[in-house]
Amino acid sequence: MNSAARIRLLAALNVAVLVFAVVAGATVVPGESEASAVASLALAGTAEVDDVRGTHRLVAGDHDLAIGDRVRILTGDAVLALVGDGSLELRAESGPADGSQVEVGPVPTLLGGEALLVAGETEQVVEAGGARLSLVDGAAHLSRSTSATFAVYEGRASLSSGERTLDGGLPALRQVVVSDAGRLPLNPSPLRVSEPPDPWDRRFLGEAIGLDPVLEQRSIGFTTLLQDDFVPDVFFYQSVLPGLVNEPAFDQSLLDGQDRPVGETLVGAAIALVGERGAFADRWREVFALREEGAGWGLIALDQGAPRATLLGVLDEAVARSPLLFGPPSSSPVFRPVQPPVRTRPQPAPLAPLPSLPPRRTPEAPPRPSPSPPPAPGSPVPASPPNDDGVLDPVVDPLTELLDGVLDGLGGVTDGLL
């Protein structure tokens, strides 16, 4: 084969290779082939995706996404399936600019909006604002704007940013706000429930949200039963919450230094009493520490494992017992339980008082008449002076009618009067 023929053959081979490369490149599009797909998006609404091909819109349905793809929810909501049994729920907010924005990767990154991470037995990791949340067997609410908020509904979670990890992890019903610089706070704070409650909050905190106003009303109502200067002590709380008698750790030291209304202490004491997490003294300290940090009573009750029905029953009993214990203000501000009356034999009724007698008037002796001369012999004998019986009848008769037998013992006095 001459040189010209060889040149033509090589040129034909190059063209064939080039055509094959073009065809192969056309059939393998990042984000569409099975080989490049790493995540599946179930969309109920509309979304916008930025990938190697540019920006395009997705409609409702299932879509495969590749590493590096960025998806933003425009309307409705979506679920991004993660490795294992995890998922990342996304949603649109009041407008397209507020919708969830996520970058797909081995560790998904929340770029903006809200997301709900749900994890099963397989650990799931999501990044936002330079911080990483790891979650097992639970759910967490993530929010990304100028800062990143991580709020754990349930499960075991840890949070790290840079080289630092939050000590003790991020417990359930707690949240952490990470600054845009990626700095972690020293300690988590109680989970904040939005007003009106977020749909995800209602899904995982519905019981706490419903219980919160009920406990607030109990607290305020109980406080109004007491005098403003009333200072309760251990005996008072044991009287209205009898179960505290069986808690050796409940003493005056738990009450000292508390500057809060009586109803607040009562509700907190009831939660600590019926809670099921840890020892009583630990529950007491945790209850009031959360309250000091602004947690609602419903969230505190959920955190301490206090059953709703049992808790409300204990508080209703305390209110029912209170009227038997509260009396008029006393000179001592410290409450003491009312002691049962001493049982004694009845005393006989006292005698009716004697009616007072009118002052005894001593009649003046009439002037003694001059002696009459003796009657002459044969003159008639003068008649005897008239009888004075009945002079004291107006006094003696009423007395006799009222006292009957009593006058028998006063015979000597009566004889003197008569």
**Prompt:** Could we say that residue 216 is surrounded by fewer than 16 Cβ atoms within 10 Å (Cβ to Cβ), in contact with a helix residue (DSSP H, G or I) (Cβ under 8 Å, 6 or more places away or on another chain), at pLDDT 90 or above and not assigned by TED's automatic domain parsing to the domain that holds residue 99 here?
**Reply:** no
**Request:** Say whether the condition of being crowded, with 22+ Cβ neighbours inside 10 Å and of a type in the set (D, E, K, R) is met by at least one residue in region 116-127.
**Result:** no
**Item:** Criterion (among the charged types (D, E, K, R) and within 21 Å of residue 293 (Cβ to Cβ)) met by exactly one of 132, 156, 183
**Value:** 183
**Request:** Select from region 60-107 the residues that are of a type in the set (Val, Ile, Thr) and assigned to a strand (DSSP E or B) and write down the one among them that is surrounded by the fewest Cβ atoms within 10 Å (Cβ to Cβ).
**Result:** 75
**Of the criteria (1) outside the structural domain of residue 127 (by TED's automatic domain parsing); (2) closer than 28 Å to residue 153 by Cα; (3) modelled with pLDDT under 95, which one residue 253 fails** = (2)
**Prompt:** Considering only region 241-285, how many residues are under 19 Å from residue 216 (Cβ atoms) and in a helix (DSSP H, G or I)?
**Reply:** 13
**Message:** Of the conditions (1) at pLDDT 95 or above; (2) over 17 Å from residue 290 (Cβ atoms), residue 224 satisfies every one except a single condition; which number is it?
**Reply:** (1)
**Asked** residue 133: assigned to a strand (DSSP E or B), in the same structural domain as residue 164 (by TED's automatic domain parsing) and buried (at least 22 other Cβ atoms within 10 Å of the Cβ), yes or no?
**Response** yes
**Message:** Whether any residue in region 234-243 is in contact with a strand residue (DSSP E or B) (Cβ under 9 Å, 6 or more places away or on another chain), more than 21 Å from residue 143 (Cβ to Cβ), of a type outside the set (Ser, Thr, Tyr) and in contact (Cβ under 8 Å) with a residue 40 or more places away in the chain is what I want to check.
**Reply:** yes
**Asked** Across region 221-262, what is the number of residues that are closer than 19 Å to residue 282 by Cα and among the β-branched types (Val, Ile, Thr)?
**Response** 2
**Asked** Just to be sure, is residue 158 assigned to a strand (DSSP E or B), crowded, with 19+ Cβ neighbours inside 10 Å and either touching a residue at least 40 places away in the same chain (Cβ under 8 Å) or in contact with a strand residue (DSSP E or B) (Cβ under 7 Å, 6 or more places away or on another chain) (or both)?
**Response** no
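The values are calculated or read from the model by the stated rules, or taken from the named source; none is laboratory data. As the structure is a computational prediction, the values presented were derived from the model and not from experiment. We place every Cβ from the backbone using ideal geometry, glycine too, and count neighbours over all the protein chains shown.
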